[in-house]
Amino acid sequence: MRRERRLGTSRHWGNCTVAGTIDYEKDRSCEIDIKAMDGGGLSAYFKVIVEVEDQNDSDPEVTLTSIASPLPEDSPPDKVVALFRVTDQDSGDAGRTACTMETNLPFVFKASVNNYYQLVTQQPLDREKASEYNITITARDQGSPRLTSTRIINVQISDVYDNAPLFDKSLYEMQIRENNIPGLLIGLVQADDLDTERNAEVTYSLLPGKVSDQPVSSFVSINSETGNLYAIRSLDYEQIKDFQLSVRAADSGSPPLSSKVKVQVVIVDENDNAPFILYPLQNGTSPSNDLVPREAEAGYLVTKVVAVDRDSGQNSWLSYELLKATEPGLFSMGTQNGEVKTMRPINQQDTFKQKLIIGLRNNGHPPQSTSATLTILLVDGFSDPYMKTVDIPKDEVVKEEDRSLTMYLVICLAAISFIFLLSIIVFIAIKVQKRRKFTENSALNFPVGLNCQENCGDAGAGMLSRAYNYEVCLAGGSLSSEFKFLCPLFPVFSVEPPQNQGVQRISTASQEVPSYAEKSERINQLRIINLM
């Protein structure tokens, strides 16, 4: 707004006063022409020049020249975001300015010429952490007092496809009761994508897997849009107690980014199994009777009912109860352990065959129950085995079993043992005899002409060939050798008279040992005969 200045003159003293607001930024000086007149009509003219002094009365001004918004989040460092100028109409120190901005921002100022500044990035941006920035620029002059002004620059950060879907849990645990109806909702998996628009659209799918050698897709299905998991079939706790599957979440970007998570499905047991009796067997194929001596006192342990329940937890806790008995006051039943004990001493008036009906019940809701039948025989002791349990005499007196069968068994066992020991002794004797013969046949030195006789015949008389055993002895490191002639393997009978024999028989009765020369001569003669 234009402000006018008016100067007035004092009629008596000629004082000049300010008639309006003076603005240094508009007029730094002004000239005033003054006319002075007296009463006689005489006048004079003069000029007054007024210099205006500047004061710090103008605020700094921030002028935005250009801005890049929205700014991609993958922008590199030192990218120019905005260009602005800071001015001040004052002069001197009052016209000198400086600008600042708030800290902890990924931007920084860079000064240029003529009070121009550049706003640039100094670190990577992440739209998922901050989608926009309101940058406050504060300009301050150097006057006294200092004047300041502010300007807010809004920078939008645009999305870049760089995020995969993220699940809100690292592992999902879900429970479902057994014997469920098909199509029952098990639970929900949830994944979020920090990108925007189509890049943030998430779809769910099951990854391939096995559950008890069957594909997981035959047990569970998933809604691709919501992430709801449904049971396809009815589950049985006794077959599968728990299983694990993997879910994949993928966005709609190009190429799509994905992540996966594991889901643990726990099947909760229900009380759908009745107790199963292991002992005594109730199938009737092999009846079991428990024997109790009539001398048993009160508290005697008769037997123990063993049962199991395929359920778990409190559904498998069993309790026992005696439902019916031949003698109601004779036996008691352990509620927790299934032990059957006598409550009083047994007397002769008690029935020989006692039948007990035991009830078993688990602790489920509602409870499952079953019953077992026990047959107990009262006998006069365990020394005499009781064999006949089907035909019970009317007088309920047990006869002793014939012991002849036991005697036969003992005799047979003794005979078999004796035959076995005798076979071992004969086998050992044969082995020893064979070993002795082998030792005698493998002797190194054989006497010549002492233990065998030769029937030597003429070679031209048509005698059959003879078989001999020969032994060659070689001395180590020597060229000498010794050839021994042993007895023939088969006896040879001569058809010539004794006077025609070409070789003198060796007397078996001779006690002299022939010398080495005689042995050699005889061996040579025998060689000649044998070659002929």
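The values are calculated or read from the model by the stated rules, or taken from the named source; none is laboratory data. Worth saying up front: this structure is predicted, and the values here are computed from it rather than measured. Ideal geometry is used to build each Cβ from the backbone, glycine not excepted, and the neighbour counts take in all protein chains shown. Remember, those area values only see protein heavy atoms, side chains included, never the ligands or the DNA or RNA. Shrake-Rupley method; radii C 1.70, N 1.55, O 1.52, S 1.80 Å.
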*When you take every Cα atom in segment 57-111, what is the radius of gyration, and what is Dmax, the widest Cα pair distance, in Å?*
14.2, 44
*With r defined as the distance between the Cβ atoms of Gln89 and Ala111 and R0 fixed at 22 Å, what FRET efficiency is calculated, to the nearest 0.05?*
0.60
*Provide Leu64, Leu235 ordered by accessible surface of protein heavy atoms (probe 1.4 Å), highest first.*
Leu64, Leu235
_Span per principal axis, largest first, for the Cα atoms of segment 221-267 (Å)_ = 46, 16, 11
*Averaged per residue, what accessible area in Å² does segment 161-292 show with a 1.4 Å probe, protein chains only?*
55
*For Ser312 paired with Lys437, estimate the spin-label separation in nm (one decimal), with each label point 7 Å from Cα along the Cα-to-Cβ line.*
7.5
_By accessible area with a 1.4 Å probe, ligands and nucleic acids excluded, highest first: order of Met101, Met407_ = Met407, Met101
*To the nearest 0.05, what FRET efficiency results for Glu197 and Ser371 with a Förster distance of 41 Å applied to their C-beta separation?*
0.05
*Ala296 long-range amide H proximity, modeled H, under 5 Å*: Ile346
*Taking a quarter of the surface of the convex hull around the Cα atoms of segment 279-328, what do you get in nm²?*
5.3
_Nearest-10 value in Å² for the accessible area of Thr373, using the 1.4 Å probe_ = 60
*Over segment 140-239, equivalent-ellipsoid semi-axes from the Cα gyration tensor in Å*: 55, 15, 11
*From the phi of every residue in segment 104-111, what ³J(HN,Hα) in whole Hz does the Karplus formula 6.51 cos²θ - 1.76 cosθ + 1.60 yield, where θ is phi - 60° and glycine or proline is x?*
6, 10, x, 10, 8, 8, 10, 6
*Net charge near Thr148, counting Lys/Arg +1 and Asp/Glu -1 over other residues with Cβ under 15 Å of its Cβ?*
-4
*In nanometres, what is the gap between the two model label sites at Glu128 and Leu413, each 7 Å from Cα along Cα-to-Cβ?*
8.3
*Please list, in chain and number order, the residues 5+ apart from Leu235 or on another chain whose amide H is under 5 Å from its amide H, with Hs placed from the backbone.*
Asn179, Asn180
*Would you rank Phe107, Phe46 by solvent-accessible area, highest first, keeping every protein chain in place and using a 1.4 Å probe?*
Phe46, Phe107
*Vicinal HN-Hα couplings computed from phi for segment 40-53 (Karplus, 6.51 cos²θ - 1.76 cosθ + 1.60; Hz; Gly/Pro x)*: x, x, 7, 9, 9, 10, 7, 10, 10, 9, 10, 8, 8, 8
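Taking R0 as 30 Å, what FRET efficiency do you get between Asn363 and Lys324 from their Cβ-Cβ distance, rounded to the nearest 0.05?
That gives a FRET efficiency of 0.85.
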*Could you quote the convex hull projected area for segment 114-191, Cα atoms only and averaged over all directions, in nm²?*
11.0
*Give me the accessible area of Ile240, 1.4 Å probe, in Å² rounded to the nearest 10.*
20
*So what does Glu173 come to for accessible area, using a 1.4 Å probe and Å² rounded to 10?*
150
*If you take all C-alpha pairs in segment 220-326, what percent of them are over 17 Å apart?*
73
